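Input: a single structure, listed below in structure tokens.
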Amino acid sequence: MNKWLGLGNLSVPPSLREMAFQAIKEAILSNRLEPGRVYNEQVLARELGISKTPVREALLDLAAKGFVTFLPRRGVQVNVLTEKDIENLYEFRMALETAIVRAIIPRLTEEDMERIEGIYAKELGAIEGDDRRGYLKIDREFHFSLASFSDNHYMISALENVRDLIDWMGWKALLRKERMLEVYEEHGRIIQKLKERDTEGAVRMMQEHIWITKENVLRWFRRK
């Protein structure tokens with residue numbers, strides 16, 4: 001009989017395609033790849049130090065998510081989002097995240113609430129440390145943790161796609177210190193309604209949070 005060695009499972013390293021996707025997406029989110037500009041696939045591959053094939057595969061994935069558009073014989077263009085795009089994305093986000101709230105409240109456990117409150121505590125630490133990029137990641141973690149409790153991979157996947165686009169169009173507006181504090185308070189009100197298992201109250205708090213965020217992003221967008 002074979003003895004169990006207890007070595008544990010090895011994690012699968014990301015493929016070149018996945019690494020290229022993350023690198024290019026991060027460059028778009030940080031505006032190092034500028035909206036409206038056309039980029040050559042070969043140049044991007046050379047910058048990343050890899051072959052053209054995984055870069056093209058990554059760009060195809062980014063095109064499917066709304067970040068770029070292929071232009072025949074020219075290259076790939078970073079998309080320019082409009083005010084209408086912002087309105088449409090937040091309309092979809094509102095419908096999606098309120099549906100998530102309705103789905104999770106009947107199944108939330110005390111352990112789930114502890115996890116949510118643990119993420120919430122990290123938000124304050126990032127604000128106090130003025131870690132703005134870190135705060136954005138924690139904010140994403142908060143919303144994705146709620147989606148994960150739905151146990152619905154369609155909801156989770158849809159939120160991932162819309163959140164990437166929302167962060168891209170409005171991260172400067174979202175990372176103002178005063179807005180970070182407001183978001184922290186809004187998340188706190190959502191958590192309180194979740195703890196009370198108040199479905200309609202939690203939905204209202206989520207609606208208010210998303211609406212205020214949208215208005216902040218639109219104000220920033222109009223001043224650009």
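The values are calculated or read from the model by the stated rules, or taken from the named source; none is laboratory data. Just so it is clear, the structure is predicted and the values come from calculations on it, not from any experiment. Using ideal geometry, Cβ is built from the backbone for each residue, glycine included, and neighbour counts are taken over all protein chains shown. The protein model used for the area step is the full one, side chains on, heavy atoms only, and it has no ligands, DNA or RNA in it. Shrake-Rupley method; radii C 1.70, N 1.55, O 1.52, S 1.80 Å.
Taking the Cα atoms of the chain alone, what are Rg (to one decimal) and Dmax (as a whole number) in Å?
Just the Cα atoms of the chain yield Rg and Dmax of 19.8, 71 Å.
Rounded to the nearest Å, what's the spacing between the alpha carbon centres of segment 83-135 and segment 149-224? Just the number, please.
6 Å
Could you identify which residue out of MET206, MET113, MET180 has the top mean-square fluctuation in a GNM of the chain using Cα springs shorter than 10 Å?
Between MET206, MET113, MET180, it is MET113 that shows the largest mean-square fluctuation.
Take the chain, connect every pair of alpha-carbon atoms lying under 10 Å apart with a spring to form a Gaussian network, then pick out the residue of GLU141, GLU196, GLU182 with the largest mean-square fluctuation.
Sorting by GNM fluctuation, first place goes to GLU196.
How large is the accessible surface per residue of segment 83-125, computed with a 1.4 Å probe and reported in Å² as a whole number?
Ligands and nucleic acids excluded, the result is 53 Å² per residue.
Under a 10 Å cutoff between Cα atoms, tell me which one of SER30, SER15, SER51 has the largest fluctuation in the Gaussian network model of the chain.
SER15
Considering Cα pairs under 8 angstrom that are at least six residues apart, work out the relative contact order of segment 93-224 and quote it in whole percent.
Computed over segment 93-224, the figure is 35 percent.
Leaving out ligands, DNA and RNA, what percent of the accessible area of the chain is carbon and sulfur, probe 1.4 Å?
52 percent
Keeping to pairs on different chains or 8 or more places apart, tell me how many lysine pairs in segment 63-207 have Cα atoms under 23 Å apart.
Taking segment 63-207 as the scope, the lysine pair count is 11.
Over all distinct Cα pairs, what is the inverse of the mean 1/r for segment 63-189, reported as the Kirkwood hydrodynamic radius in Å?
Final number for the Kirkwood radius of segment 63-189 is 16.1 Å.
With the contact rule set at Cα under 8 Å and sequence spacing of 6 or more, what percent relative contact order holds for the chain?
Across the chain, relative contact order equals 21 percent.
Quick check on packing: order 184-190, 148-154 by the mean number of other C-beta atoms within 10 Å, highest mean leading.
Result, highest mean Cβ count within 10 Å first: 184-190, 148-154.
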